[in-house]
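Here is the structure we will look at, set down as structure tokens.
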Amino acid sequence: MSKHLNFLRATAVAACFALPAFAQEDPSLDTVVATVNGEAITLGDMISIRAGLQPQYQQLPAETLFASILEQLVQQTALAQSLNENVPQYIEIALNNERRTLMAGEALEAFVAQNEISDEELKSAYQDRYANYEGAEEYNASHILVASEEEAVAIRQDLQDGADFAETAKEKSTGPSGASGGSLGWFGAGQMVKPFEDAVAELAVGEISQPVQTQFGWHLIILNDARKSEAPSFEEARQELLNDAQRTAVQAYIAKQSSEAVVDQSPADSIDPSVLQRIDLLNPVRVQE
């Protein structure tokens, strides 16, 4: 035998022994990780279980998760096999419903992925939505909060006589904004309790309200400024526009697929809708127990 061939063979053998003992083809979803009475459990089964875990469990160490999920699948497989293929009808129905739901969801995801909404479409939708935008009223107000109407009336008189609102709020307001002169900053509809909001809406800029009662006490309110809210920028509105466009497209796609399908719902016409409450039909044996 040629010395060169002997050298090459020896080199090849050495290389084989140098490879890690665990070297194997890259794992796939079909990679078998265990068998139970000849029934295979695959890596795909395990990955699917992990994907459905709550986030706090997904963060566990990989070794812990692998061992735990594999043990769970082995136990479940052994238990399932104990039915000896006598699968109750209600389980078959549940499996069929789950399969239908998953496949419908996959169809919608595929549709969305294949029908991306372009920036041009979103910008057009933005123009349509906000071209004639009329913003809602927003108010900048300050208040003084006290326990009684009598005290509020007396303080209002002081303010009418020239007392500074902010300094009076710092001195006499019991609310948390008192330290900052009673300032509440900018707010819109629904952000304040209704009696307070209604009173603010009636004020002119610079005007001080009559005492206003809420569950917190009695308020004196001064309207510092008012404005209309501005339309959001395109970037601020982009995600909402995208969600709306996708929702509209998906609804149209569902309607199209349903209208093109051959559907016969006439058998349902003779069924009393209240039969949906008959849970006992799914598993009469368990109900009787």
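Quick note: the coordinates plus some simple rules give every number you see, no bench work behind them. The shown structure was predicted, so the numbers you read here are calculated from the model rather than taken from an experiment. Cβ placement follows ideal geometry from the backbone for every residue including glycine, while neighbour counts extend to all protein chains displayed.
Please identify the pairs in which a residue from the range 77-103 that is more than 20 Å from Ile49 (Cα to Cα) has its Cβ atom under 8 Å from the Cβ atom of a residue that is among the hydrophobic types (A, V, I, L, M, F, W, C), counting only partners at least 6 apart or on another chain.
Gln89/Leu282; Tyr90/Leu282; Ile93/Leu282
State all residues of the range 41-59 that are in a helix (DSSP H, G or I) and either of a type outside the set (Val, Ile, Thr) or over 17 Å from Asp30 (Cβ atoms) (or both); if no residue qualifies, say none.
Leu43, Gly44, Asp45, Met46, Ser48, Arg50, Ala51, Pro55, Gln56, Tyr57, Gln58
Can you tell which of Ile222, Ile208, Ile254 is among the β-branched types (Val, Ile, Thr) and closer than 30 Å to Ser124 by Cα?
Going through Ile222, Ile208, Ile254 in turn, the sole match is Ile254.
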